[in-house]
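Working notes, beginning with the structure itself.
The values are calculated or read from the model by the stated rules, or taken from the named source; none is laboratory data. Note that the coordinates shown come from a computational prediction; the quantities given were computed from them, not determined experimentally. Ideal geometry is used to build each Cβ from the backbone, glycine not excepted, and the neighbour counts take in all protein chains shown.
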Amino acid sequence: MIIDKYEDHPECNNQNKLLPILSNQKMNAYLKEIAGVCEIEKDLTFHIARHTFATTVTLTNGVPIESVSKMLGHKSIKTTQHYAKILDKKVSEDMDLLKSKLSNFKIEKIESNGTTDETT
């Protein structure tokens, strides 16, 4: 139905494409409109959407980096590895936060019963 909708669109016919390609400016305007409707306060851009797709939607859900690279249209997998490094940094930060919470929990437990329990 979508392809049929754009069958006679001049941008598609003139460029031998199935769907029109939006400029970044137009895409960002649409994303801003969507954010407003969804009451999202963060400024959405095509760049942010692409980054979120690469990290949150694909890589964190186990999609192989080679597939993500192809989906993003990267000529070199090294470009895609940038997203994986961001994930590694996030995992490290999350583990540090967990370590801190567990340390605080252990200290609180010691203070509450006056003894150490290595099993906690």
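Some observations on this one:
- Residue among Asn28, Asn13 that is touching a Ser or Thr at 6+ places or on another chain (Cβ under 8 Å), more than 23 Å from Lys85 (Cα to Cα) and not aromatic (Phe, Trp, Tyr): Asn28
- Scan the range 37-61 for residues that are surrounded by 15 or more Cβ atoms within 10 Å (Cβ to Cβ) and aliphatic (A, V, I, L, M) and the total you get is 4.
- When the range 70-88 is filtered for residues that are within 10 Å of Ala54 (Cα to Cα) and either part of a loop (DSSP other than H, G, I, E, B) or of a type in the set (Gly, Ala, Ser) (or both), only Ala84 remains.
- Residues (out of contact with any Ser or Thr (no Cβ under 8 Å at 6 or more places or on another chain) and part of a helix (DSSP H, G or I)) located in the range 31-51: Lys32, Glu33, Ile34, Ala35, Gly36, Val37, Phe46, His47, Ile48, Ala49, Arg50, His51
- Within the range 4-36, if we keep just the residues that are modelled with pLDDT of 85 or more and exposed (fewer than 10 other Cβ atoms within 10 Å of the Cβ), the residue that is farthest from Ile48 (Cα to Cα) turns out to be Asp4.
- Counting the residues of the range 40-51 that are over 16 Å from Tyr30 (Cβ atoms) and free of Cβ contacts under 8 Å to residues at least 12 places away in the same chain gives 1.
- Within the range 5-39, tally of residues that are touching a helix residue (DSSP H, G or I) at 6+ places or on another chain (Cβ under 8 Å) and in contact (Cβ under 8 Å) with a residue 12 or more places away in the chain: 8
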